[in-house]
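Okay, here's the structure, questions in a sec.
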Amino acid sequence: MGTQIGKFTKSDKFHLTIQGLNLLAASAKHKVWLKPISEMSFLYGNSVLKGGVGRIPENIQVNDGVVVYSMADVPLGFGVAAKSTQDCRKMDPSGIVMHHHADFGEYLRMEDKL
């Protein structure tokens with residue numbers, strides 16, 4: 001009857017799951033593109049480091065929702081920005097740029113729970 005994009009927790013908060021990725025990717029305001037070397041790290045549930053970012057737009061602020069793409073424009077998942085774009089330009093390559101929330105690999109790892 002439709003696509004389940006999330007679920008409510010016991011504390012009545014809405015938890016967005018990976019099934020909503022295609023809807024988010026179509027209307028995403030903030031996007032980050034990953035280098036091929038860091039795609040697998042993200043798909044295993046790790047946060048995105050500055051050294052793994054291929055492209056990042058100028059208008060991202062702290063705590064903005066971000067959709068993560070591969071360099072081939074394939075949506076991989078989504079998360080929350082840990083730093084603004086201006087802060088990212090100044091930081092070292094091992095700093096965290098984006099916190100992981102959900103990824104396409106989660107669908108394969110937790111297929112029975114989703």
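Under a plain spin-label model, where a point goes 7 Å from the Cα along Cα-to-Cβ, how far apart in nm are Ser11 and Gln61?
2.5
Compute, for the chain, the length of the dipole vector about the Cα centre, with Cβ point charges of +1 (Lys, Arg) and -1 (Asp, Glu) only. Units Debye, rounded to 20.
That gives the chain a dipole magnitude of about 200 debye.
A follow-up question, please. Using 7 Å Cα-to-Cβ label points, what is the Val80/Ser94 separation (nm, one decimal)?
With each label point 7 Å from Cα toward Cβ, the separation is 2.5 nm.
Send over a whole-number figure in Å² for the accessible area per residue of the chain, probe 1.4 Å. Could you put the intermediate results ahead of the total?
Working: 6980 Å² over 114 residues.
So the chain comes to 61 Å² accessible per residue, rounded to a whole number.
Right, here's the next one. Could you name the lysines in cross-link range of Lys83, using Cα to Cα under 23 Å and dropping any fewer than eight places away on the same chain?
Partners found: Lys29, Lys31, Lys35, Lys50.
Show which lysines lie in cross-link reach of Lys10 when reach means a straight Cα distance below 17 angstrom and same-chain residues fewer than eight apart are skipped.
Lys113
The values are calculated or read from the model by the stated rules, or taken from the named source; none is laboratory data. Keep in mind that what you see is a predicted model, and the values were worked out from it rather than measured. In this analysis, Cβ positions are derived from the backbone assuming ideal geometry, glycine residues included, and neighbour counts consider all displayed protein chains. Accessible surface is based on the protein model in full, side chains and every heavy atom, while ligands, DNA and RNA are left aside. Shrake-Rupley method; radii C 1.70, N 1.55, O 1.52, S 1.80 Å.
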